[in-house]
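Peer 1: Below is the structure I would like to discuss, written out as C-alpha cells.
Here, each number is a calculation from the coordinates, and none is a lab measurement. These figures come from a predicted structure and were not determined experimentally. Please note: Cβ atoms are built from the backbone with ideal geometry, for glycine as well, and neighbour counts cover all protein chains shown.
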Amino acid sequence: MTAQTQFSGGFQNAPVQAAHAFRAAMTVMARPGEIRDLKGAQPPKPLSIAAGTLLLTLCDPETKVHLAGAFNTDALREWLTFHTGAPISQAAGADFAVGSWAELSPLSTYRIGTAEYPDRSTTLIVECDALQQAGAILSGPGIKDTARLSLPDAPALQANAALYPLGCDFFFTCSDRVAALPRSTQINVEA
Amino acid sequence: MNEYNFAYLDEQTKRMIRRAILKGLAVPGYQVPFASREMPMPYGWGTGGVQVSAATLTPEDTFKVIDQGADDTTNAVSIRKFFENTAGVETTEETEKATVIQTRHRIPEAKLREDQIIVYQVPIPEPLRFLEPRETETRKMHSLEEYGLMHVKLYEDISQHGAISTAYAYPVKVLDRYVMDPSPIPKFDNPKLEMDAIQLFGAGREQRIYAVPPHTKVVSLDFEDYPFEATKADHPCDLCGAEDSYLDEVIMDDAGNRMFVCSDTDYCRSRREAGHVGRLVEENTA
C-alpha cells in the first residue's frame, strides 16, 4: 500500500466541504468563462483535485460514472466506489464522464437528453493541462457581454451547443481549478 | 444545531438536488424533475425553496427570507428560524447584506448583485397547467415548443377585459425557448428577471427545480398591439413616499380609509431611515 489508499483522500467534513464545492460548481455553470478554486478531495492520480472534489460532491449510487482511458485504473475505481458508491459504466450510459478531451471523444457517444427530458444528458468532466480566460469567445446565459475560455475543441463544442436544448454539459478541471460550459453557451472562434 | 446535518437535509438528498440545479442552469427555464423530500413544514409553505436553499447554503452565507416582500411575516420568520437552527447561518433583513435570499412571490426592490443568489418558492411550476391538466401533454408541448395555448389565454384576457389582466405569475419566455412560470410574483417584477444574480426556483409538492442564470434573456409574453406593461398601484408609498416600488393596499377602518405601503419592508425601512417621508407620516407629525 502506498500513501494513497482507496480509503483516504475523501472529504474531512462532507456537509461543509461539499457545500463549498457545489457553490463553486454552480457559480461556474451559471457564469461560463469564470474560473473558481475547487478543492477538498485528494484523489489518486491521475485525477485532479478539482475533478475529484466534483465527483465527491455530485456522485452517489444513483449516478453512473465513466472513467475514460488513463483514468480507468484500479486505484481510481476503488477510490470512487469507496467514497461515492457510484457504479462505473460505459460511456454510452453514463451520467458523468471523466477524462482528458482526447480520451472522452467523440462526443456522440454520450447521452444528450431527450426532447421531453433534456436534463437526462451526460455531464463531462474534462481534465485540462491549462485553464485560462483566453481563447474562444463565449456569449449567452450567465455572460454579460462576452467571456473567454480556453476550450479543448471549439468546433465539437459548437456542434454540441447547436443541439440546444439537448446536449452535454461540461466542467473543465485543471489542478484545483474549475470552469464550466453549459450547452446554452454560444461559442465563437476568432477569425 | 449538532442534532442536524448541516442545513437539515442528508448529503445524498443534497447531491440529487444539486445535480438538478446544475441541469436547470444549463437549460434555463426547463423544469427539472427532482425527488422532493418531505420537509418539516406543510406543502405550500416553501418546501421547494427550502430544499433548494438547503442544497445551496454554505456556513459563511448570510440568509434573508421574504414573504410577499416582508421579512416579518409568518412564513419568512419560520423559514429563517429553520435555517438558523439547522445550518447556523447568519440571517439578515437587509437585502444588501444577504448572499442567499429565499423569496415567496416578490423580487426585492434593491438591484441584486453578482454575488447574490435568489431562491423562489414555487407553488405550480408548470405555466401551462391551468390550460392543460395532463403532465404528459404539457411535457410534449414544451418539447415541441407549442405555446399557442398560452397566447390564446392572453388573447382571451384582452377580449374579455380589454387588456391582459394577468397580474401575477405572468408567463415569460426564457432564452427564446421555454415558457416559464416566474412563480406568483406580480408582473411589476417581471422586468427584474433579467438580473445579475443567479435565480433558482423550487417547487416541492410538484417536484420541479428550474433556474435562470444571470444576464439571461427573459421576455414577458405579449402582443405587438398589447405590449407587456409592468403595473403597480398608481400611488406613492404612504410611509416612505416611494413612487417606484410595488405597493400593498391596506384597509384602515370601516369608513373606507386605506393606505398604500411598500410590499418590500426592507426597502421601505431603509428609505424612511434615509429621511424620506410619506403621506401618513406627514399627517401624523403635522
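Peer 1: Under unit Cβ charges (Lys, Arg +1; Asp, Glu -1), what dipole magnitude, rounded to 20 debye, does the protein assembly as shown have relative to its Cα centre? Kindly include the intermediate steps, with their values, before the conclusion.
Peer 2: Values: 45 positive and 65 negative charges, 305 e Å.
Here the size comes out at about 1460 debye.
Peer 1: Just for chain A, what percent of DSSP beta bridges are antiparallel, to the closest 5?
Peer 2: Details: 14 of 28 bridges.
The antiparallel fraction comes to roughly 50 percent.
Peer 1: Per residue, how big is the convex hull around the C-alpha atoms of chain B? Give it to me in cubic angstrom, could you? Please report the intermediate quantities before stating the final value.
Peer 2: Numbers: hull volume 44.0 nm³, N = 286.
Measuring per residue, one finds 154 Å³ for the Cα hull of chain B.
Peer 1: Let me ask another. At q = 0.13, 0.18, 0.25, 0.26 Å⁻¹, work out log10 I(q)/I(0) for segment A:19-70 with the Debye formula, treating every Cα as an identical point scatterer and leaving solvent out; two decimals please.
Peer 2: Results for segment A:19-70 at q = 0.13, 0.18, 0.25, 0.26 Å⁻¹ read -0.34, -0.64, -1.05, -1.09.
Peer 1: For the pairs B:Lys64/B:Lys187; B:Lys153/B:Lys232; B:Lys14/B:Lys153, note any where the Cα-Cα span goes beyond 27 Å.
Peer 2: Working: B:Lys64/B:Lys187 22 Å; B:Lys153/B:Lys232 22 Å; B:Lys14/B:Lys153 38 Å.
Flagged as over cut-off: B:Lys14/B:Lys153.
Peer 1: Any chance you could tell me what percent of the C-alpha pair distances in segment B:44-155 go past 23 Å?
Peer 2: Working: 2512 of 6216 pairs.
Roughly 40 percent, once rounded to a whole number.
Peer 1: Binning at 5 Å from 0, report for segment B:119-172 what percent of all alpha-carbon pair distances ends up in each bin.
Peer 2: 4, 17, 26, 23, 17, 11, 2, 0
Peer 1: Which of B:Asn85, B:Asn75, B:Asn257 moves most in a GNM of chain B, Cα contacts under 10 Å?
Peer 2: B:Asn257
Peer 1: Could you list log10 I(q)/I(0) for segment B:237-276 at q = 0.20 Å⁻¹, which the Debye formula gives when each Cα is one point scatterer?
Peer 2: Summing over Cα pairs of segment B:237-276 leads to -0.55.
Peer 1: Taking 0.36 nm per intervening residue step and subtracting the Cα-Cα distance, what contour gain separates A:Ala134 from A:Arg148 on full extension? All intermediate terms of the calculation are to be shown ahead of the outcome.
Peer 2: Values: separation 14, 0.36 × 14 = 5.04 nm, distance 0.49 nm.
Length difference between fully extended and current span is 4.5 nm.
Peer 1: Per DSSP H run of at least 4 residues, take -39500 (n - 2.57); add these up for chain A, divide by its residues and hand me the 222 nm value, nearest 500 deg cm²/dmol. Before the final figure, lay out each step's value.
Peer 2: Details: 5 runs with 51 residues, N = 191.
One gets -8000 deg cm²/dmol as the mean residue ellipticity at 222 nm.
Peer 1: For segment A:12-165, what number results from the quotient of the Cα radius of gyration and 2.2 N^0.38 Å? Before the final figure, lay out the partial values.
Peer 2: Numbers: Rg = 15.4 Å, N = 154, 2.2 N^0.38 = 14.9 Å.
Working it through for segment A:12-165, the quotient is 1.03.
Peer 1: For helix A:49-58, report the angle its Cα long axis makes with the longest principal axis of the Cα atoms of chain A; keep it between 0 and 90° and round to the nearest 10°.
Peer 2: 90
Peer 1: Out of every Cα-Cα pair in segment A:108-191, what percent are more than 18 Å apart?
Peer 2: Values: 1413 of 3486 pairs.
So the portion of pairs separated by more than 18 Å is 41 percent.
Peer 1: Same structure again: Under Stokes-Einstein, with the Kirkwood radius over Cα pairs standing in for Rh, what whole-number D in µm²/s applies to the protein assembly as shown at 37 °C and 0.692 mPa s? Mind showing how you got there, number by number?
Peer 2: Numbers: Rh = 23.5 Å.
The Stokes-Einstein estimate is 140 µm²/s.
Peer 1: Taking each residue in B:24-36, count the Cβ atoms of any other chain within 10 Å of its Cβ, then average. What number comes out?
Peer 2: Details: counts 3, 14, 22, 13, 7, 2, 5, 1, 4, 3, 1, 1, 0.
The mean count of partner-chain Cβ atoms within 10 Å per residue comes to 6.
Peer 1: Continuing with the same structure: Between B:Glu132 and B:Asp176, what is 0.36 nm times their sequence separation minus the Cα-Cα distance? Round to one decimal in nm. Don't jump to the answer; show the numbers that get you there.
Peer 2: On the way: separation 44, 0.36 × 44 = 15.84 nm, distance 2.16 nm.
Net length gain for the segment: 13.7 nm.
Peer 1: Give, in nm to one decimal, the length gained when the segment between B:Asp222 and B:Asp10 is fully stretched (0.36 nm per residue of separation minus the Cα-Cα distance). Kindly include the intermediate steps, with their values, before the conclusion.
Peer 2: Numbers: separation 212, 0.36 × 212 = 76.32 nm, distance 4.30 nm.
Gain in length upon complete extension: 72.0 nm.
Peer 1: Can I ask one more? Equivalent ellipsoid semi-axes for segment B:91-199, as square roots of 5 times the alpha carbon gyration tensor eigenvalues: give them largest first, rounded to whole Å.
Peer 2: Working: eigenvalues 165, 53, 28 Å².
That gives 29, 16, 12 Å for the three semi-axes.
Peer 1: According to the square roots a ≥ b ≥ c of the eigenvalues of the Cα gyration tensor, what is the shape class of segment A:68-110, taking rounded for a/c under 1.5, prolate for a/b larger than b/c otherwise, and oblate for the remainder?
Peer 2: Numbers: a/c = 2.92, a/b = 1.57, b/c = 1.86.
The shape class here is oblate.
Peer 1: While we're on this one: Principal axis extents for segment B:1-63, Cα atoms only, whole Å, descending order, please.
Peer 2: Principal extents (largest minus smallest coordinate, Cα): 37, 27, 23 Å.
Peer 1: Hey, rough spin-label estimate for B:Lys97 and B:Glu273, points 7 angstrom out along Cα→Cβ, what's it come to in nanometres?
Peer 2: 0.8
Peer 1: A further question on this structure: Applying 1/(1 + (r/R0)^6) with R0 = 41 Å to the Cβ-Cβ distance of B:Asp196 and A:Ala75, what FRET efficiency is obtained, to the nearest 0.05? Mind dumping the intermediate values first?
Peer 2: Working: r = 43 Å, r/R0 = 1.05.
Efficiency at R0 = 41 Å is approximately 0.45.
Peer 1: If you don't mind, another one. What longest range of chain B stays clear of loop-exposed chymotrypsin sites (Phe, Trp or Tyr not before Pro) (DSSP non-H/G/I/E/B, at most 16 other C-beta within 10 angstrom)? Spell out each step's value before the answer.
Peer 2: Numbers: sites that count: B:Tyr4, B:Tyr43, B:Phe130, B:Phe223.
By the stated rule (loop sites, at most 16 other Cβ atoms within 10 Å), B:131-222.
Peer 1: Quick check for me: using +1 on Lys/Arg Cβ and -1 on Asp/Glu Cβ, what's the dipole size of chain A about its Cα centre, in debye to the nearest 20?
Peer 2: Details: 13 positive and 17 negative charges, 50 e Å.
Here chain A has a charge dipole of around 240 debye.
Peer 1: May I pose another question? Among B:Arg80, B:Arg134, B:Arg272, which one moves the most in a GNM of chain B with springs linking Cα atoms closer than 10 Å?
Peer 2: So, out of B:Arg80, B:Arg134, B:Arg272, the one fluctuating most is B:Arg134.
Peer 1: Quick check: convex hull over the Cα atoms of segment B:195-286, volume per residue in Å³, rounded to an integer? Can you show the working numbers first?
Peer 2: Numbers: hull volume 17.9 nm³, N = 92.
Roughly 195 Å³ of hull volume per residue.
Peer 1: Mind checking which helices in chain B clear 15 Å along their axis (Cα) and have mean Kyte-Doolittle hydropathy of -1.0 or more, DSSP H runs only?
Peer 2: Working: long enough: B:11-26 (22 Å, -0.46); B:74-86 (18 Å, -0.38); B:148-161 (20 Å, -0.36).
What comes out of the filter, once short or polar helices are dropped, is B:11-26, B:74-86, B:148-161.
Peer 1: Rounded to the nearest 10 degrees, what's the angle between the helix A:14-30 long axis and the longest principal axis of chain A, both from Cα atoms, 0 to 90?
Peer 2: 20
Peer 1: Follow-up. With a point put 7 Å past each Cα toward its Cβ, work out how far B:Val281 is from B:Lys232 in nm, to one decimal.
Peer 2: Those two pseudo-labels are separated by 1.6 nm.
Peer 1: Using the basic label-point model (7 angstrom from Cα toward the beta carbon), what is the B:Glu38 to B:Ile251 distance in nanometres?
Peer 2: Placing both labels 7 Å beyond Cα along the Cβ direction yields 3.9 nm.
Peer 1: Which residues' amide hydrogens lie under 5 Å from the amide hydrogen of A:Ser8, considering only partners 5 or more residues apart or on another chain, with H built in the peptide plane?
Peer 2: Result for A:Ser8 returns nothing.
Peer 1: Right, another one. In what sequence do B:Thr92, B:Thr216 fall when counting other Cβ within 10 Å, fewest first? Could you put the intermediate results ahead of the total?
Peer 2: Values: B:Thr92 18, B:Thr216 22.
Least to most surrounded, the residues fall as B:Thr92, B:Thr216.
Peer 1: Now, a different point. Rg and Dmax of segment B:139-275, using alpha carbons, in Å: what are they?
Peer 2: Answer for segment B:139-275, Rg first and Dmax second: 17.7, 54 Å.
Peer 1: Project the alpha carbons of segment B:33-109 onto their principal axes and report the range along each, largest first, in whole Å.
Peer 2: Principal axes ranked by extent give 33, 26, 22 Å for the Cα atoms.
Peer 1: Now, a different point. How well do other chains shield peptide A:27-39, expressed as the mean number of their Cβ atoms within 10 Å of each residue Cβ? Please report the intermediate quantities before stating the final value.
Peer 2: Details: counts 5, 2, 9, 17, 6, 3, 0, 1, 0, 0, 0, 0, 0.
The shielding value for this peptide is 3.
Peer 1: Find out how many positive minus negative residues lie around A:Ala70, taking Lys and Arg as positive, Asp and Glu as negative, among other residues whose Cβ is under 12 Å from that of A:Ala70. Show your work: numbers first, answer last.
Peer 2: Values: positive: A:Lys45; negative: A:Glu103, A:Glu127.
With Lys, Arg at +1 and Asp, Glu at -1, the neighbours total -1.
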